[in-house]
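The values are calculated or read from the model by the stated rules, or taken from the named source; none is laboratory data. What you see is a predicted model; the values in this text were computed from it and never measured. Cβ sites come from the backbone with ideal geometry, for glycine too, and all protein chains shown count toward neighbours. Accessible surface areas use protein heavy atoms only, side chains included; no ligands, DNA or RNA. Shrake-Rupley method; radii C 1.70, N 1.55, O 1.52, S 1.80 Å.
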Amino acid sequence: MSPETLRVSLPEPDLRAALGELPDGVEIIDWAMEGPAPVPEIDLVVTPYMGAANRVAHLAGVRTRLVQSQSIGYDGIDNLLPAGHVFANAATVHETSTAELTLALILASQRGIDDFVRAAGRGEWAPAHHASLADRTVLLVGFGGVGAAIESRLLAFEATVIRVARTARSDERGEIYAMESLAELLPQADIVVIGVPLTTGTTGMVDDTFLSSMRDGALLVNIARGPVADTDALLAHASSGRLRLALDVTDPEPLPHGHPLFALPNVIISPHVGGASSAMRPRMARLVREQIERMLRGDAAVNVVLRS
């Protein structure tokens, strides 16, 4: 490899196609990280979209300048990434798609779309009156890029939005509360959206106490990570009919065949597909291209979240 060559490994052919023509001096290596690296030095390693945590061990002994994830979340990577690597997440890639799915889950539950689909499957015409999203109060628990994308869409539906983040602050739309305020805020919300990263502090945070603080008939939406919520507590509150659930993530995941959550009429489950839309690939390609161009200029990478 000449000093001017920038080696980039890509795990999927469609990502390579989406990148289009690259600057001179960029060498593409096909590597899905399913085994040892084909060469000892790779400047930019792009990990697979799914299952990356189980494959980063193959970076041991490989000299890299940047390891680029295709996911926003990176829980568990700090314990698995071999020493000597810089790791970046995929902020800017999935926010739009995840926000779309969040609104779809909220609207489906609020307007009874799941009930209508089940009735249609039985060949029945089953009109019913349901609550709107307009004029409802939505509590966003976790307010990063995804939370901001969800908020902007909720406001277009004329909902009232309350934001909660790790630390209190304010912006042009008003106050953002700290997590310590959850106990007083949960009873105010018709809809609670969980969008926090999975950490030791957030694991199991949506427990019986959390759910008991929500008002009767409220909707809990989890688009974060499954272990943020206690599955037994979710099942208990949904089985009683007191709360409704819309879950894009579960614990365990995938949810086993025949799990009781699947059978509840007040629960909507999607199989962890928040970022899985046509918007992902071109946005991921833009991020990879930006990282390549930054490396060629000698600039620092964006989205760096870990250094092992």
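The relative contact order of the chain comes to 18 percent, based on Cα pairs under 8 Å that sit 6 or more residues apart. Amide H contacts for residue 176 (H built 1.01 Å from N in the peptide plane; partners 5 or more residues away or on another chain; cut-off under 5 Å): 169, 170, 171.
Rounded to the nearest whole Hz, the Karplus-based 3J(HN,Hα) values (6.51 cos²θ - 1.76 cosθ + 1.60, θ = phi - 60°) of the range 139-152 follow the sequence 9, 9, 9, x, 9, x, x, 5, x, 5, 5, 5, 4, 4, with x at glycine and proline. The calculated FRET efficiency for residue 134 paired with residue 12, based on their beta-carbon distance and R0 = 45 Å, is about 0.65. Between the range 31-64 and the range 108-147, the C-alpha centres lie 41 angstrom from each other.
Between residue 26 and 6, the built amide H atoms are under 5 Å apart, and every one of these is 5 or more places off in sequence or on another chain. The figure for residue 118 is an accessible area of roughly 90 square angstrom, using a 1.4 Å probe on the protein chains alone. Computed with a 1.4 Å probe on the full set of protein chains, the accessible area for residue 295 sits at about 20 Å². Considering only 126, 91, 37, the Gaussian network model of the chain with Cα springs below 10 Å gives its largest mean-square fluctuation to 126.
Of all DSSP beta bridges in the range 95-269, what percent run antiparallel (nearest 5)? Percent antiparallel among DSSP bridges in the range 95-269 is about 10.
In summary, the chain shows an alpha-carbon radius of gyration equal to 1.11 times the 2.2 N^0.38 Å reference for compact globular proteins. Centre-to-centre separation between the Cα atoms of the range 200-226 and those of the range 276-307: 33 Å. When a 1.4 Å probe is rolled over the protein heavy atoms, the share of accessible surface on the chain that falls to carbon and sulfur comes to 53 percent. Can you tell which of 79, 222, 89 shows the greatest fluctuation in a Gaussian network model of the chain with Cα springs below 10 Å? Among 79, 222, 89, the largest GNM mean-square fluctuation belongs to 79. Amide H contacts for residue 268 (H built 1.01 Å from N in the peptide plane; partners 5 or more residues away or on another chain; cut-off under 5 Å): 245, 246, 247. Relative to the longest principal axis of the Cα atoms of the chain, helix 95-110 runs at roughly 20 degrees. Counting only protein heavy atoms and a 1.4 Å probe, the range 35-135 has 47 square angstrom of accessible area per residue.
Once you compute Rg and the Kirkwood Rh from C-alpha atoms, what is the Rg to Rh ratio for the range 95-269?
0.95
By DSSP, the beta bridges lying fully in the chain are antiparallel in about 15 percent of cases.
Using the beta-carbon distance between residue 302 and residue 172 and R0 = 35 Å, what value does 1/(1 + (r/R0)^6) give for FRET efficiency, to the nearest 0.05? The calculated FRET efficiency here is 0.90. Return the single residue from 186, 247, 155 with maximal mean-square fluctuation; model: Gaussian network over the chain, springs between Cα atoms under 10 Å. Sorting by GNM fluctuation, first place goes to 155.
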